[in-house]
Each structure stands twice: as C-alpha cells, then as structure tokens.
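Beneath this line is the structure, given in structure tokens, with notes to follow.
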Amino acid sequence: MNNPPVRSDRPARARTGRRVALVLAATGTLLAGATIALAPNASAGTTLGASAAESGRYFGTAVAANKLSDSTYVGILNREFNSVTPENEMKWDATEPSQNNFTFGNADRIVNHARANGMRVRGHALAWHSQQPGWAQSLSGSALRSAMVNHITRVATYYRGKIHSWDVVNEAFADGGSGARRDSNLQRTGNDWIEVAFRTARAADPDAKLCYNDYNTDGQNAKSNAVYAMVQDFKARGVPIDCVGFQSHFNPQSPVPSDYQANLQRFANLGVEVQITELDIEGSGQAQADNYGRVIRACLAVARCTGITVWGIRDSDSWRASGTPLLFDGSGNKKPAYTSTLNALNGGGTPPPTTTPPPTTTPPPTGSGCTASVTLNSWNGGFVATVRVTAGASGTNAWTVALTLPSGASLVNTWSATPSATSGAVQFRNVDYNGRIGAGQTTEFGFQANGTAGTLTPTCTAS
C-alpha cells in the first residue's frame, strides 16, 4: 500500500487546492462522447493533442485568461493541446462575486478560444471549500446549501452544451490516514452535500460528464479508499457520477506511486472514466522525462482513462515554477519531458470503450399548442425543477406554463422564465429570448424552491 506524504493547502488564489509546496507536505468544444478533434494544422503523432487523439483521448492544459494575449503561450496552446481547463475563472469567487450576480467574462474568453480552435473544455470547479466568495463563506446550514445549489445550477446551465467534463466537487476528503471527509462549511450542511451537487449538475447539464476531483489519491491509501467507497456507493444508488479526476502533482518527496496504474484501473472497474486532471512533475532532465512517460503509459494502459491535463504550459506559468514541473521551459522550448510524453502517446494504448446509442425516431409534433414536462432534483428542505417546453405543430410565439406548488413550498429564484407568484398556483411566462419555438422544438426553464416538491404537474399554453 502506498501512502504519499500528506500535502497541506496553499493560499487559495493559485489553483485548485494549491499546496505551498509538495515538498513541505506533500470544447467548437466537443460534447461528451464526440470524436476528439486535432488541433488546427496538427498531424497525428507530431503534437500532444494529435497523438492522444489517435487512441481516442484528449491531452489538455490549464489556461489562464490573462495569458491569452501572450503570443508564445497561445502559439503552444493552439499547436499542442485539444482540451483546456480554466485555472481559476470558473470557480465560485470568479463567477458569483456577490450573491446572484454572475460574471462570466474571463471564463468566456477561455471557452470561446477553445471553441474557435477545436478544443474541448473541462469545467473547474462547481463546488469547493476554497476560493468561495466572502458572502458564501459567511453562510451556513440551509442558506449555504441553497446558495450552492443555485450556483451550480446557474453556472452549469449557462455553459450547457459547451463543457465536456465538470469537476463538480473538488477536494472533499481530508488528508492523512482517517479517510474522513474534510471539515468544511459545505460538509457541515450535511453529509449528502456531494450527492446533491452531482444531482444538481446533472439536472443543469445532462450531457456533460460529471467528475469528482482530488489530490493525494494517486495510489491506494486511506484517502483514495474513501473516494473509492463513495464512488462505489454512488454507482450502486444511481447518483450521477461519470468520472474521477486524479490531480497527480509529483516531486521527489511525493513520487509517482508504484501502484498508480493499478489504482486508476480499480476506479475504472467501477464503471467510471478516470482522468488525470492536473499533472505536473517537479524535476529536470531524464529523471523528469521518465516520470512523465510512466504516467502517460499508465493512462494509456487503462481503457477508461480518457484524457490527461497538465497544469500549465511553460514552467514559468506553473504554480510550482521553481520546481520546473512542466513540458516547456520558460521560453516555450520543448523539454526532454515533452519528448518522453509524446513518445509515450505515440506508443499507443487501449482505446477507451465507445457506446453507440440506438437510433431514435421522433414522431412529428401534433396539435397547435405546447406541452411541458418537469425533472426534479430534491433534497431535505428544497428542490430544483427543470421544466422542458415542447412546441406543437404550429410552433410558438410565446408560452405560459402553469403549475401549483405544494403547501409550504416557495420559490427562491427562477431562470429563463418569469413567475407570477412565489407560492401556490404559479404561471411561468417565457422571457424575451425563448418565447419563439419551432414546431417540435424545445426550450427549458428552471426554478429553485424551498420545501417539498411533491408531484408537480405542469400545463402549457402557447400563442
């Protein structure tokens, strides 16, 4: 059993749970299941993304919006990678600086760049104990739970159709040998908060892959065992989880575990994808190159290891710059670690399993009105409802959905519709951008409410 040294947290602005130093303690964006695109002008076998794509995988990097004006940085990004992860721009403090005031400008810069260059996007991260805005840090209990659900719903809905994988929950387990959950304000809202986060994300974006992401889980140890047990439980109970992310930050004091590949495989055997989400390896020369090659080969040997992301492009872009942990030096030159990585990718691997859904046919719409259906994501004390409006044969210029909330239930917020009341019988009318629906086409709106959902029966009227 491998137990890497425990890593302590670094002040939050740097990256996901950026530790002070591991030596101290240790996509057009593509939709899920789509064919991976090669970076523009790339030939298979000559760049990281193109080589990974040959075995059905992606090879990505973390991107900072403020570096998209750096021509050397962008040149390497566009040439080498077919996936990007925003470093900080999608985190809670960046996207909702004040409650219900959402700002997506910097995240949009990254997403738009990725889409324009044929890259997929990994969303990072919807729920995390760190990098919360001050207003969220001041909340607790049901108020914080409601705020978390609202945040996940609004952000994942905004980026629906543009995200390949979401790190839904980040770093929820404690370091050390206890295997316990991390004591955080989110954990103190109730032990089901992770499940609620995943169910909320699925309701907001049904097509994105939903991942749990953590560090110090690269080999089998108390922490990775606890994550394994959670994933196993989620799969058994039908909680939506599609992938597990392994951050894989290594240095000489916390090396690549001897059971790294075996650990990836045991998670894959649960029926989830595994992704290497934040790879960096401190060192230099051939030793560093050998370690990178080892990690890449481990992923390629596991059929459900579907992609690798390095946490930055040049050493100078890294949160661990003094450890020179990346594939390009500060001037953008390829290092021996790059060559080793490319060679490993070109060595081939086991292609990820593919599933082809059976062909479906949609009967032609009938009637001149519209219909509505509702999907619920409920927890103790509240729920989120996603309502799908489908136009009949004549389409709609405007629509109204009526439903009655059970006694004691009241609206907290609504998106993509305007409600007539906050409780009892409520009529939800379209907003300016979604009233016109073509024949047989759909649109969706949603709302969050306190109380119990009961059975909601929506009816739709079109004009």
Filter pass, Pro365 being open to solvent by 20 Å² or more (accessible area, probe 1.4 Å), at pLDDT below 95 and not small (Gly, Ala, Ser): yes
Which residue pairs have Cβ atoms closer than 7 Å, lie 6 or more positions apart in sequence or on different chains, and pair a first residue in the range 206-223 that is more than 14 Å from Val272 (Cβ to Cβ) with a second residue that is among the acidic types (Asp, Glu)? Tyr215/Glu171; Asn216/Asp175; Gly219/Asp259; Gln220/Asp259; Lys223/Asp175
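Listed here are the residues, each with its yes/no results for (1) modelled with pLDDT under 95; (2) β-branched (Val, Ile, Thr); (3) within 18 Å of Ala53 (Cα to Cα); (4) in contact with a His (Cβ under 8 Å, 6 or more places away or on another chain).
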{"position": "Asn263", "(1), (2), (3), (4)": "no, no, no, no"}
{"position": "Glu273", "(1), (2), (3), (4)": "no, no, yes, no"}
{"position": "Glu278", "(1), (2), (3), (4)": "no, no, no, yes"}
{"position": "Gly285", "(1), (2), (3), (4)": "no, no, no, no"}
{"position": "Asn291", "(1), (2), (3), (4)": "no, no, no, no"}
{"position": "Ile296", "(1), (2), (3), (4)": "no, yes, yes, no"}
{"position": "Ala301", "(1), (2), (3), (4)": "no, no, yes, no"}
{"position": "Cys305", "(1), (2), (3), (4)": "no, no, yes, no"}
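The values are calculated or read from the model by the stated rules, or taken from the named source; none is laboratory data. Everything quoted here is computed from the prediction, not taken from an experiment. FYI the Cβ positions are ideal-geometry reconstructions off the backbone, even for glycines, and counts take in every protein chain you see. What goes into the accessible areas is simple: the full protein's heavy atoms, side chains included, and nothing from ligands, DNA or RNA. Shrake-Rupley method; radii C 1.70, N 1.55, O 1.52, S 1.80 Å.
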